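Visitor: Quick one: the structure is below, and I'll ask about it shortly.
The values are calculated or read from the model by the stated rules, or taken from the named source; none is laboratory data. These numbers come from a predicted model, not from an experiment. Heads up, the Cβs are rebuilt from the backbone with ideal geometry, glycines too, and the neighbour counts pull from every protein chain shown.
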Amino acid sequence: MTQPKEIDWGLMEATINKHRGETWALIPLLQEIQAVFGYIPPDSIEPISEALHLFPSQVQGVVSFYAGLSLKPKGKYVVRVCRGTACHVKGGQSILRVIKKELGLDEGETSPDYQFTLETVACLGACFLAPTMMVNSTYFGKLSPPKVTSVLNQYGKDKGEDE
Amino acid sequence: MKAITLAINGKNISCPPGTSVLNAALENGIKVPTLCHHPHLEPVGACRLCLVEDEKTGRIMASCVTPVAHNMSIQTDSPVIKTHRANIIRLIMANHPESCIVCSQGNRCELRQIAAELGVGQTDLYPMPHYTGLEEANPFIIRDLSKCILCSKCIRADHELVVVGAIDYNLRGFKSRPATVHEMPLEKSSCTFCGTCVSMCPTGALSIENTRYVGSPQKESSTICGFCGVGCSLVMGSVDGQIVDVNPSHREKTVNLSTLCVRGHFAHDYLNASKRLSEPLIRKDGELSSATWDEALEVVAQGLISIKEKYGPQSVAFLGSSKCTIEENYLFQKIARVILGTNNVDNGSYGSGRAVINLISERLDGGGRITPLAGLEEAEVIFVIGADPTETAPVVGYYLKRASRIKKVPLIVADPRKTGLVPFSSLWLALSPNSDVELINGLAALLLKEKADDSSFIDRFTQGFDPYCDSLSGLDLEKVCRVTGVEMAVMEETADLLKGKKIAFVIGHGILQQKHGTSAMDALVNLALMTGSLGGDNKGFYLIARENNEAGALDMGAVPDFLPGRRPFYNNKDRKYWEKLWDVKLSPDPGLNLIRMIEEAEKGNLKALYIMGENPLLSLPQPERIRNALNDLELLVVQDILTTETTHTAHVVLAGAAFSEKAGTFTNMEGRIQSFEPVVSPPGDARPDWEILDLLSRRMSHADGYASIQKIRAEISRRIPMYSEFGKLGDESWIRETSNLRLFHPYEEGESISFSPVISVDNEAFDKAYPFTAILGSLRCHLGSGTRTSLSDRIKDFGLKGEVEIFSEDGTRLSLKVGDKVRISSPNGSIEREVTLKKDLRSDDARQLMGLTQLGETDSPGWNGCHVKIQKI
Ligand code: SF4
Ligand code: SF4
Ligand code: SF4
Ligand code: FES
Ligand code: FES
């Protein structure tokens, strides 16, 4: 797959309609959209705000505030590298450098084939395993440059096969 | 609830629970510096500048978001607090760009003021300004968000006051800034350019695009907006006798709070237009040439008197303006009635629904006119019919949107078009044009069926309910649905929302200018009586007034059929009252209204016309017909502030002064009487209109005249009971209730109000040749015919074309694309416009600007909803 998935606007409408009129439900709705579509398509801001009686600017404000919500499509695998103190002391910087080189991506970037997105995080909360990173919801700890390469290869091998 | 007692700076204070420490301090004259606080906005505690210390606990808190508590002992200025505050300012300054010298906020910048007060000079911090692009593609607002201190006042003003929601914070932390959706420039967002956020901004992050001047004005003076009938209070800044900027007034209890609309904020630059008249002109050898005031006034006085002597008083007429002050309108009609002995006096608001307004005045005997807009936010339910206030009277739109979105008042909108209010409404009744009468009667019938009539109200204040019920119960509801195009289920839902509630009706030009307007108004009065929605606060009729002194001009009797105080001319008692005061015998002949004036001029019966502040060649339909009528006159006097189509045809032109150049008073749509003083002097030799009228009447009648505006005001408040409070309490007062109806009396004396018969209007047969209905719309940027707003440089730059909106399916059928030119014609003429296609219209509706409909033959308004055909050209 070289494109982010075509957005199923019918599904989007159904998702939004579940919360029509529920101004309080903005965050749960956004989380749901993020989970289903992988991101919050910018064109969904208008219908979301209309359904929840909010202003589009307010919805955008909430989306752009939370790191867990994104207006850009992300790769199939989101790699989150820890930049916390413990990981820094244990050489987290060079881990990040290796990953950048391996993936050819900078922080915040997504590969053109939508396979990988690279992000950094303030602390993954697994300091005893420092240096750490996550791929989607899987943790990897006590990293070294060779281990990083093998982890990435593990995901790289999947290329082309869906799910 | 028990009052809370506490001490602030050693002073013992008592205040209601829930008061913030900041407000407790401010109310007791203790100053606390703030940057994000504003009395009209919800507090957020963003800037932390309002820090205070509780001596007892040592706690330091932001006073704007901390409620008072018993036995607090607050210090607002302790050494700790001072250090913290100075540090906050240092941090903000380190984040600020070094553009103060060229910032147009100048010494109005609150950041600079506070830094100076706190003695913060150099910050000694590493400067970390956050440069953002400068945005200035629109002619109104410049955003330089590098100067933003993140106080969020603009965002709160945009959400809480004008309820547009064009901006909110985007992104997080250091990158966070107020932004539009997708970070678009303002002109590509939902921003209405009301400029409310600009006036709120404490720094120069938001500023007014000003082509003429940069910096702070030399002088600021308060006045009232010169455009619509809301009558917003504003302050005008001037430099060397020129108005350079406009902001909402800082007074607390104004109609507009801290808001304005794009016209009030940005279109007053028309006052500096080169088309301003600066001296009187007399036509000599076919050309208008300069004259002295003496010469010009002599020609006018001689002319009027000799025409009256030669052809009789009915050959002279006076067309005044609802843009002129109440003092001027009073003098104007007095000249007509007392000196020339004619009731031929009218004003330009004739076309904005005079017949409908007269009908209410008569049915309610002038009662129920005091309608503070703030009542809308307290209403039980609001019914907006034929009104598009977000365009015509934006501040009314703000009240309605606040009522609905913030106060959760149910809002019903009945309009063929999807107006700007529809997204805020609980229900939208998209009825067919001109079918309002049926809709209202249908709703009344449904409510009656549900036994939702207020019987104690009906018993106490009304008569004729039984026959009304009888005819309502005979109503064919299926036919109502067919005629209005509103489904039964929606009708029932509406009735459910209205049931058992007092209704606040907001009525606009869709009713006022409609051909069945008076019948619709009759039906509305019946509905209001049946539901007990009249007499008292937060209910009744809120009538949108297009011009700022529409109500005042009527109150002063600048109309043929009413004497000052809205007393009907045919009423002998009222006529006697004024005959005695003025010491004249009033002409018994009914006067000519605006339309009849034109007709009589065409017939050659009218010989002289004195126009003050009106431009009938632009504002009335059928300009060619008007031009011919005016050309036939022996004397045409035009008193105006601008060179217009109409001044070009005059024999004498008298240069008047704009509202900002004279003292005067306007009465707004709420019944609020607001006086103002001049901000600058009139250009050149131009003069305040009341002065011109006074000089003229002295020339014609050898009377003493007034010589001062105070004398005119004194006469108005002494002679017109409705204005008895006028001028008593400074610049602002309210009209007084003078109706003889029991409903409007505190002790319930007087007459009862009658229900009027249920009329069903005949929506005339469909004419194949003219299959579309034209609905007159308004654009927020323009007022009325646009004589003044189109001279505003900013509005011109914005480049609105006044397109015609056509239902997209009709558009497809006619193979029209957006931007195509069409000719729209009625049997009376045609105009050419560009097309936009809209999904949210009913089929068969086209919206256009004025210029097509026929002059009403009789008193029928009928300027809205005429039938047209559309051809692509
Ligand atoms: S100008 Fe008015 S509508 Fe536009 S952002 Fe500012 S407050 Fe909102
Ligand atoms: S733009 Fe002005 S009003 Fe808005 S947050 Fe920034 S400083 Fe405050
Ligand atoms: S045009 Fe009307 S709403 Fe706008 S500022 Fe003036 S009075 Fe207020
Ligand atoms: S610092 Fe890396 S997991 Fe906590
Ligand atoms: S005024 Fe209290 S935090 Fe800004």
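Okay, residues lined up against (1) within 16 Å of ligand 2 (Cβ to nearest atom); (2) under 26 Å from residue A:6 (Cβ atoms); (3) polar (S, T, N, Q):
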position	(1), (2), (3)
A:62	no, yes, no
A:91	no, no, no
A:101	no, no, no
A:108	no, yes, no
A:119	no, yes, no
A:137	no, yes, yes
A:146	no, no, no
A:151	no, no, no
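Visitor: Is at least one residue of the stretch A:51-59 in contact with a Leu (Cβ under 9 Å, 6 or more places away or on another chain) and within 16 Å of ligand 1 (Cβ to nearest atom)?
Guide: Yes, the stretch A:51-59 contains at least one residue that is in contact with a Leu (Cβ under 9 Å, 6 or more places away or on another chain) and within 16 Å of ligand 1 (Cβ to nearest atom).
Visitor: Could I ask something else about it? Consider the stretch A:19-72. How many of its residues are within 13 Å of another protein chain (Cβ to nearest Cβ) and either on the phi > 0 side of the Ramachandran plot or basic (Lys, Arg) (or both)?
Guide: Residues flagged as within 13 Å of another protein chain (Cβ to nearest Cβ) and either on the phi > 0 side of the Ramachandran plot or basic (Lys, Arg) (or both) within the stretch A:19-72 amount to 3.
Visitor: Just to verify a result, which residue in the stretch B:486-510, among those that are in a loop (DSSP other than H, G, I, E, B) and touching a Ser or Thr at 6+ places or on another chain (Cβ under 7 Å), is modelled with the lowest pLDDT?
Guide: Looking at residues that are in a loop (DSSP other than H, G, I, E, B) and touching a Ser or Thr at 6+ places or on another chain (Cβ under 7 Å), I get B:508.
Visitor: Looking at B:354, B:263, which one is of a type in the set (Lys, Arg), touching a residue at least 40 places away in the same chain (Cβ under 8 Å) and in contact with a His (Cβ under 9 Å, 6 or more places away or on another chain)?
Guide: Just a single option satisfies the conditions, and that option is B:263.
Visitor: Go through the stretch B:182-193 and count every residue that is more than 9 Å from chain A (Cβ to nearest Cβ) and closer than 25 Å to residue B:421 by Cβ.
Guide: 7
To keep it simple, each residue is scored yes or no on (1) buried (at least 22 other Cβ atoms within 10 Å of the Cβ); (2) within 28 Å of residue B:83 (Cα to Cα); (3) more than 16 Å from ligand 3 (Cβ to nearest atom); (4) not assigned by TED's automatic domain parsing to the domain that holds residue B:39.
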| position | (1), (2), (3), (4) |
| --- | --- |
| B:157 | yes, no, no, yes |
| B:160 | no, no, yes, yes |
| B:196 | yes, no, no, yes |
| B:205 | yes, yes, yes, yes |
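Visitor: Mind listing whichever residues of the stretch A:91-101 are buried (at least 18 other Cβ atoms within 10 Å of the Cβ) and more than 7 Å from ligand 4 (Cβ to nearest atom)?
Guide: If the condition is that a residue be buried (at least 18 other Cβ atoms within 10 Å of the Cβ) and more than 7 Å from ligand 4 (Cβ to nearest atom), then A:95, A:96, A:98, A:99 are the ones that fit.
Visitor: Could you look through the stretch B:137-163, keep only residues that are of a type in the set (A, V, I, L, M) and within 11 Å of chain A (Cβ to nearest Cβ), and pick out the one that is nearest to the chain's Cα centre (by Cα)?
Guide: Looking at residues that are of a type in the set (A, V, I, L, M) and within 11 Å of chain A (Cβ to nearest Cβ), I get B:163.
Visitor: Condition check: among the aliphatic types (A, V, I, L, M) and within 13 Å of ligand 2 (Cβ to nearest atom). Does residue B:179 satisfy that?
Guide: Yes.
Visitor: Suppose we filter the stretch B:161-176 for residues that are more than 16 Å from ligand 5 (Cβ to nearest atom) and under 23 Å from residue B:39 (Cα atoms); how many remain?
Guide: Within the stretch B:161-176, residues that are more than 16 Å from ligand 5 (Cβ to nearest atom) and under 23 Å from residue B:39 (Cα atoms) number 8.
Visitor: Here is a follow-up. Within 16 Å of ligand 2 (Cβ to nearest atom), in contact with a helix residue (DSSP H, G or I) (Cβ under 8 Å, 6 or more places away or on another chain) and modelled with pLDDT of 95 or more, is that true of residue B:22?
Guide: Criteria not met by residue B:22.
Visitor: Working only within the stretch B:164-181, note down all residues that are crowded, with 16+ Cβ neighbours inside 10 Å and at the interface with chain A (Cβ under 9 Å from one of its Cβ atoms).
Guide: B:164, B:165, B:166, B:167, B:168, B:169, B:170, B:176, B:178, B:179, B:180, B:181 - these are the residues of the stretch B:164-181 that are crowded, with 16+ Cβ neighbours inside 10 Å and at the interface with chain A (Cβ under 9 Å from one of its Cβ atoms).
Visitor: Given (1) farther than 19 Å from residue B:430 by Cβ; (2) surrounded by fewer than 20 Cβ atoms within 10 Å (Cβ to Cβ), where does residue B:492 come up short, assuming only one miss?
Guide: (1)
Visitor: Applying the selection to the stretch B:248-303, what residues are within 16 Å of ligand 3 (Cβ to nearest atom) and either assigned to a loop (DSSP other than H, G, I, E, B) or on the phi > 0 side of the Ramachandran plot (or both)?
Guide: B:249, B:250, B:251, B:253, B:254, B:255, B:256, B:257, B:258, B:259, B:260, B:261
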